Amino acid sequence: MGKSYNWHKLANTAWFYTKVFFAVLTLCVVTYAYGTYNPNKSAIAKVNAELDLFYMQKIEEMGLKEPEFTYNNDIQFVRAMHKCINYINFSLPKDKRVPYEMIIGQAALESGWGNSRFAVEANNLFGIRTWSKDTPHLLPHGITKWPGWGVRAFASKCDSVKEYVRLLNNHNAYKDFRVLRQKMLDKNLQLDSFQLIKTLDKFSTTADYDKRVIRMIKKIRKLEENK
């Protein structure tokens with residue numbers, strides 16, 4: 001009777017640990033599978049950041065030169081903008097980039113497709129100002145005395161695009177833009193130019209500025225579709 005009892009006890013104990021083993025094994029398999037197909041977001045962000053840094057260093061080592069910015073019509077202006085933005089993005093991590101359509105839409109609107117006086121004479125595609133006399137600049141027609149500001153002059157049109165991107169990434173006036181952009185990136189959403197442009201209410205004093213840029217973006221889309 002004692003031997004039979006010990007045998008049953010041993011069998012029950014073995015069966016218990018067998019179930020524990022398979023439960024732990026199943027948990028490990030499920031955890032591994034979940035981790036494989038649903039990796040930790042912070043881990044993904046870290047890997048992506050490291051990859052961005054790696055590629056940026058390699059690109060810098062290649063010594064890429066700023067592309068030429070030449071155009072004779074609207075579609076050529078758009079193509080030149082694309083080349084310039086590509087060049088700039090090579091030196092920026094993904095979370096610091098600005099949507100192509102937003103940049104081109106504002107540049108086309110602000111500079112009259114690159115034909116305004118400030119675009120032609122100062123390479124300024126966005127009407128970016130300076131409050132320092134020592135910074136190269138132009139004054140509006142009819143103004144001869146320093147009014148406290150001037151329209152900055154750049155070495156190239158692509159330089160003005162660089163400064164535009166820098167302002168959006170650093171200036172306190174565009175904090176709302178950065179916050180919304182990060183929310184979109186965190187949700188793995190494509191950056192929405194129509195939503196982001198609404199955060200730049202301090203870029204222009206024009207009341208319906210966002211609507212004007214959106215109309216310009218739609219016009220550029222049609223232009224590119226028919227090219």
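The values are calculated or read from the model by the stated rules, or taken from the named source; none is laboratory data. Just so you know, these numbers come straight off a predicted model, no measurement behind them. Note that each Cβ is placed from the backbone with ideal geometry, even for glycine, and that neighbours are counted across all protein chains shown.
Cβ contacts < 9 Å: first residue among the hydrophobic types (A, V, I, L, M, F, W, C), restricted to the stretch 170-196; second residue outside any helix (DSSP H, G or I) and surrounded by fewer than 12 Cβ atoms within 10 Å (Cβ to Cβ), any location; separation 6+ or different chain. Result?
Sorted first by the residue in the stretch 170-196, then by its partner, the pairs are 184/190.
Determine if the stretch 138-156 includes at least one residue that is modelled with pLDDT of 95 or more, touching a Phe, Trp or Tyr at 6+ places or on another chain (Cβ under 6 Å) and closer than 27 Å to residue 221 by Cβ.
No, the conditions are met nowhere in the stretch 138-156.
What single numbered condition from (1) over 21 Å from residue 99 (Cα atoms); (2) buried (at least 18 other Cβ atoms within 10 Å of the Cβ) fails to hold for residue 157?
(1)
How many residues are surrounded by fewer than 17 Cβ atoms within 10 Å (Cβ to Cβ) and among the hydroxyl-bearing types (Ser, Thr, Tyr) if we restrict to the stretch 66-76?
Selection size over the stretch 66-76: 1.
It is to be established whether one or more residues within the stretch 156-174 are more than 29 Å from residue 64 (Cα to Cα) and either part of a loop (DSSP other than H, G, I, E, B) or over 19 Å from the mean Cα position of the chain (by Cα) (or both).
No: the stretch 156-174 contains no residue that is more than 29 Å from residue 64 (Cα to Cα) and either part of a loop (DSSP other than H, G, I, E, B) or over 19 Å from the mean Cα position of the chain (by Cα) (or both).
Is it true that residue 142 is over 24 Å from the mean Cα position of the chain (by Cα) and of a type outside the set (Lys, Arg)? First the steps, then the outcome.
Working: over 24 Å from the mean Cα position of the chain (by Cα): yes; of a type outside the set (Lys, Arg): yes.
Taking the combined requirement at face value, the residue satisfies it.
Of the residues in the stretch 205-218, how many are surrounded by fewer than 18 Cβ atoms within 10 Å (Cβ to Cβ) and touching a helix residue (DSSP H, G or I) at 6+ places or on another chain (Cβ under 8 Å)?
Looking only at the stretch 205-218, we keep the residues that are surrounded by fewer than 18 Cβ atoms within 10 Å (Cβ to Cβ), and these are 205-208, 211-212, 215, 218.
Okay, now just the ones that are also touching a helix residue (DSSP H, G or I) at 6+ places or on another chain (Cβ under 8 Å), so 206, 212.
Summing the residues that are surrounded by fewer than 18 Cβ atoms within 10 Å (Cβ to Cβ) and touching a helix residue (DSSP H, G or I) at 6+ places or on another chain (Cβ under 8 Å) in the stretch 205-218 gives 2.
Please name all residue pairs, on different chains or six or more residues apart, with Cβ atoms under 9 Å, provided the first residue is in the stretch 77-96 and is in contact (Cβ under 8 Å) with a residue 12 or more places away in the chain and surrounded by 16 or more Cβ atoms within 10 Å (Cβ to Cβ) and the second residue is among the polar types (S, T, N, Q) and not in a helix (DSSP H, G or I).
Between residues of the stretch 77-96 that are in contact (Cβ under 8 Å) with a residue 12 or more places away in the chain and surrounded by 16 or more Cβ atoms within 10 Å (Cβ to Cβ) and residues that are among the polar types (S, T, N, Q) and not in a helix (DSSP H, G or I), the close pairs are 77/115; 80/70; 84/156.
Let me spell it out: the conditions are (1) farther than 17 Å from residue 130 by Cβ; (2) in contact with a Lys or Arg (Cβ under 9 Å, 6 or more places away or on another chain), and residue 183 meets all of them except one. Which number is the exception?
(2)
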